[in-house]
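One structure below.
Derivation of every value follows stated rules applied to the coordinates shown; laboratory data play no part. A quick note: this is a predicted structure, and the numbers were derived from the prediction, not measured. Every residue, glycine among them, receives a Cβ derived from its backbone with ideal geometry; neighbour counts consider all protein chains shown.
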Amino acid sequence: QVQLVESGGGLVQPGGSLRLSCAASGSILGINVMGWYRRAPGMQRELVATITSGGSTNYADSVKGRFTISIDNAKNTAYLQMNSLKPEDTAVYYCNANLRPARAAWYRDVWGQGTQVTVSS
C-alpha cells in the first residue's frame with residue numbers, strides 16, 4: 001500500500017530553519033506532483049508549495065523567498081527547506097502526492113499524516 005511518511009517538524013525560534021521530508025513508499029509507477037500544505041489552529045488548510053516531477057514549482061505568496069521545495073525522483077521524496085521562520089508559520093504541515101500506484105489505472109491523491117511545526121521564542 002502506498003503511503004507518505006513525513007519527518008522533520010519540531011520547535012524552532014523565530015528566524016530559524018527547519019527541513020521537512022516526505023517519502024512516498026510502496027509500489028509506485030509514477031508521481032506527477034508533490035506538495036506541502038498546512039493548517040494553523042482555527043484555520044483552513046492552505047497550499048504552501050508544490051513541485052512537479054519535472055521540477056516546476058509553485059509557492060504561496062506568504063512563503064516566497066523563505067521556503068524552497070525540491071524533489072528527488074529516484075527516492076520518491078520531496079523536501080521543504082524553511083528559512084526565516086515566523087510565528088505565523090506555526091501549523092501542522094501535510095505532504096500530498098498525486099501518484100499512480102502499481103496495478104492502478106489512474107493517478108490519485110495521497111496525504112501524509114502531518115507533522116507539527118511550531119515557531120516560538
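Some notes on this structure:
- Residues whose amide H falls under 5 Å from that of Leu85, counting only those 5 or more places apart or on a different chain, are Gly15, Gly16, with hydrogens built in the peptide plane.
- Unit Cα scatterers, Debye sum, the chain: log10 I(q)/I(0) for q = 0.09, 0.10, 0.14 Å⁻¹: -0.23, -0.28, -0.55
- Phi to ³J(HN,Hα) by Karplus 6.51 cos²θ - 1.76 cosθ + 1.60 over region 62-70, Hz, x for Gly, Pro: 5, 10, 4, x, 10, 10, 9, 9, 9
- Loop-resident sites, region 1-71, for trypsin sites (Lys or Arg not before Pro), counting at most 16 other Cβ within 10 Å (DSSP): Arg45, Lys64, Arg66
- Environment charge at Val92 (Cβ cut-off 12 Å; Lys +1, Arg +1, Asp -1, Glu -1): 0
- Counting charges near Ser21 (Lys, Arg +1; Asp, Glu -1) among other residues having Cβ under 12 Å from its Cβ returns a value of 0.
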